[in-house]
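A.B. asks: I have a structure I would like to understand better, so I am pasting it below and will then ask my questions one at a time.
The values are calculated or read from the model by the stated rules, or taken from the named source; none is laboratory data. This structure is a prediction, so every number in the text was calculated from the model and none was measured. As a convention, Cβ positions derive from the backbone with ideal geometry for all residues, glycine included, and neighbour counts pool all protein chains shown.
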Amino acid sequence: MSPPATRLRVKRYDPRDLLTEALVGILTRPLRAALTTLGTVLGITTLVITLGVAATAADQITTRFDAMTATTVSVSAPPPHPGSTDLPLLDWDGPDQVRPLAGVTAAAALAEAPVGHDLPVRASAVADPTLAGASIPVVAATAGLPAAVRGTVTAGRFFDAGMVARHDRVAVLGDQAAALLGIGDLSQAPAVFIAGQPFTVIGILGGISGEQFLAATVILPPTTAHDRFAFGTPGRVLITTALGAAGQVAAQAPTALAPGRSTELTVVAPPSLERARKGVAGDTNALFLVLGLVSLVVGAVGIANVTLVTVVERTGEIGLRRALGAARRHIAYQFLLESTGVGLVGGVIGASLGVIGVVSVSAAHRWTPVLDARLALAAPVAGALVGLAAGVYPALRAARREPVEALRSGL
């Protein structure tokens, strides 16, 4: 009777052995490993550069927001009800009431022509058929209007408090209105005719950063507009603030203008710059993130293909290891470690190149680079995860090889 068969006891695989075998598998084919790593390098580099440049560009976009957009507050009053005996919510002294508020740099009151008043504007007393279809609005404003809209008097001057007090028959044209009327030279004191009444043009207002409609209007002193065309109280008060003070001024201005009735006023303030910055950054990051992820997928496919080819080429080696007692999981672990190592190396190199790329682009455009440090630190981990995911199928395929079949295929 033959002695009972004894079962061979295979020594457990040491993790250090797995790591050594994986490292040898990578280094024995350095060119192939380098080309495989290149896919991950390109993917991680693209991801870091796109997200970094997107964040930097978003910061530049919000930094270059028009100062007028970020520092203008408009306070409007509803039109008075017919027959109402209530005092108007706004008056022409409104700018003086808000100027003492902290953060206010300029203010002006503005009124448009009364509803139903047709005020045709012409450059001469004789009707010109070429201007028959032109419509030039007439508005009344206080002397502080240029500063309140960040405008520049490109010719002549703007009317002052003395002209307002004397009810002078003067007018200032927006630059578009002046071009439409054919008025550019003020040396001869040209006049415009509003509803047939002459007004001396003393200035042209251009470069308006806010309230763009004023560029195509005729601007009169409020006293003159009231005397000649029955303009009433202002409908709006325009306030220019220091950067960052718009929110505070928007909260305080209604009370300063109409104590006890502030809730009846409508306030338009600029949105929060921080919120705008986050919105722009989110939009640009989402766009570029897709590009970066596509590059990562391409890198992952490259790793998977090369690892799969490696499995086929190393069939004999796999069979020999299985015959010497290596379990399926040991084979799978080895190939997973190889693909993960390739991804990790690619992630480190890609993160480094990506940071250099962001700094270089920023320097070329004289921008301040904006790059989340967590992105640079997470990039190598992302590369390792991409390598791990790419190596799952090849590792499983290698682990399924039977020792005899693998040895025969490797001969």
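A.B. asks: From LEU265, LEU243, LEU238, grab the single residue that is in contact (Cβ under 8 Å) with a residue 60 or more places away in the chain and in contact with an Asp or Glu (Cβ under 9 Å, 6 or more places away or on another chain).
C.D. replies: Working: LEU265 fails: in contact with an Asp or Glu (Cβ under 9 Å, 6 or more places away or on another chain); LEU243 fails: in contact with an Asp or Glu (Cβ under 9 Å, 6 or more places away or on another chain).
Answer to the check: LEU238.
A.B. asks: Right, LEU180: modelled with pLDDT of 95 or more and either part of a loop (DSSP other than H, G, I, E, B) or in the same structural domain as PRO222 (by TED's automatic domain parsing) (or both) or not? Spell out the reasoning first.
C.D. replies: Working: modelled with pLDDT of 95 or more: no; either part of a loop (DSSP other than H, G, I, E, B) or in the same structural domain as PRO222 (by TED's automatic domain parsing) (or both): yes.
So LEU180 does not fit the description; no.
A.B. asks: Name the pairs whose Cβ atoms lie under 8 Å apart, with the first residue in segment 111-122 and without any contact (Cβ under 8 Å) to a residue 12 or more places away in the chain, the second in a strand (DSSP E or B) and among the hydroxyl-bearing types (Ser, Thr, Tyr), and 6 or more positions between them or separate chains?
C.D. replies: From segment 111-122, no pairs qualify.
A.B. asks: While we're here: Name the residues in segment 90-102 that are touching a helix residue (DSSP H, G or I) at 6+ places or on another chain (Cβ under 7 Å) and more than 15 Å from THR255 (Cβ to Cβ), would you?
C.D. replies: Within segment 90-102, just TRP92 meets the criteria.
A.B. asks: Hey, could you check segment 348-375 for residues that are part of a helix (DSSP H, G or I), surrounded by 17 or more Cβ atoms within 10 Å (Cβ to Cβ) and within 22 Å of the chain's Cα centre (by Cα) and say which is modelled with the lowest pLDDT?
C.D. replies: In this case the residue turns out to be LEU375.
A.B. asks: Since PHE193 meets every condition but one in (1) farther than 22 Å from THR71 by Cβ; (2) in a loop (DSSP other than H, G, I, E, B), which condition does it not meet?
C.D. replies: Here PHE193 clears every test but (2).
A.B. asks: Output the number of residues of segment 204-234 satisfying the condition of being aromatic (Phe, Trp, Tyr) and either in a helix (DSSP H, G or I) or within 14 Å of GLY174 (Cα to Cα) (or both).
C.D. replies: 2
A.B. asks: From the list GLN188, GLN212, GLN197, GLN252, which one is under 15 Å from VAL139 (Cβ atoms), in the same structural domain as ALA108 (by TED's automatic domain parsing) and among the polar types (S, T, N, Q)?
C.D. replies: Sole residue among the options that is under 15 Å from VAL139 (Cβ atoms), in the same structural domain as ALA108 (by TED's automatic domain parsing) and among the polar types (S, T, N, Q): GLN212.
A.B. asks: Do we have LEU220 as within 16 Å of PRO95 (Cβ to Cβ), at pLDDT 90 or above and in contact with a strand residue (DSSP E or B) (Cβ under 6 Å, 6 or more places away or on another chain) here?
C.D. replies: For LEU220, the condition - within 16 Å of PRO95 (Cβ to Cβ), at pLDDT 90 or above and in contact with a strand residue (DSSP E or B) (Cβ under 6 Å, 6 or more places away or on another chain) - is not met.
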